[in-house]
Amino acid sequence: MTIHLRLTIQAFLFITTAAICRANLSESEAQCIARYGNESDVRTDIGYRQVGDKSASFTFKTASGSLYVKVIFLNGMSCHESFSNADASLGLTEEQMKAILDKQSAGLKWEKGETRYRTVAGETYGRIDWQRSDGAVAKFWISGKAASQSPTGQVDVSTKQYAVAQRIYDKENGDN
C-alpha cells in the first residue's frame with residue numbers, strides 16, 4: 001500500500017468518524033444545536049419513565065448515511081444521548097457504535113463490560129455494556145438474525161449522574 005493511499009484512507013476514516021458523533025455528554029442545548037443542527041420534537045414532558053427535564057431530536061447526515069439522535073437534558077445539559085440509523089429499518093453497525101464511543105470518550109477510555117444475548121424464534125436481542133473511567137455508561141442494543149455475524153442496533157450514552165438517577169427512578173417505580 002502506498003503512503004498516499006494509506007493517508008487517503010486514514011483521512012477518510014477520520015472524516016467519517018468525526019461526522020458520526022460530534023457532540024459530547026454534558027454539553028448545553030445550544031452546543032448540541034451547533035453540532036447537530038436544528039432540533040425537532042422538543043419536549044418538556046419527556047414521559048413518566050425517564051429522568052430529565054427536556055428532550056430534543058436531531059437528524060444529521062454523515063458520510064455513511066443519516067443518523068437520528070435523541071438528547072435528554074437535565075438542568076440544561078446533555079445527560080443522555082441515543083443514536084440510531086435515521087432509516088428505522090437499518091441498525092448501527094459495531095463499527096459505527098465504536099466510532100460513536102470514540103467521539104464520546106472526552107479523552108477517557110471506554111471499558112467493555114457485560115454482554116447479554118437472548119435468541120427467540122431466530123431473532124437475537126441483547127446489549128453490550130461499556131463504562132468510561134468517569135462513570136459514564138453506554139449500551140449497544142443489539143437485534144438481528146441469530147445466524148448473523150454482524151449485530152446491529154442503537155447506542156445509548158449516559159452520564160454517570162443520569163445512569164444513577166434513572167436506576168433509582170426505575171427501582172422506586174418497580175421497573176428493572
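The values are calculated or read from the model by the stated rules, or taken from the named source; none is laboratory data. All values reported here derive from a predicted model rather than from experimental measurement. Glycine gets a Cβ as well: all are built from the backbone with ideal geometry, and neighbour counts include every protein chain shown.
Laid out as a table, the results:
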| item | result |
| --- | --- |
| In segment 140-156, residue farthest from LEU67 (Cα to Cα) [restricted to those that are in contact with a helix residue (DSSP H, G or I) (Cβ under 7 Å, 6 or more places away or on another chain) and modelled with pLDDT of 80 or more] | PHE140 |
| Some residue of segment 62-71 being part of a helix (DSSP H, G or I), at pLDDT below 90, of a type in the set (Val, Ile, Thr) and crowded, with 18+ Cβ neighbours inside 10 Å | no |
| Residue list for segment 86-104, restricted to those being surrounded by 14 or more Cβ atoms within 10 Å (Cβ to Cβ) and touching a residue at least 12 places away in the same chain (Cβ under 8 Å) | ALA86, GLY91, LEU92, THR93, GLU94, GLN96, MET97, ALA99, ILE100, LEU101, LYS103, GLN104 |
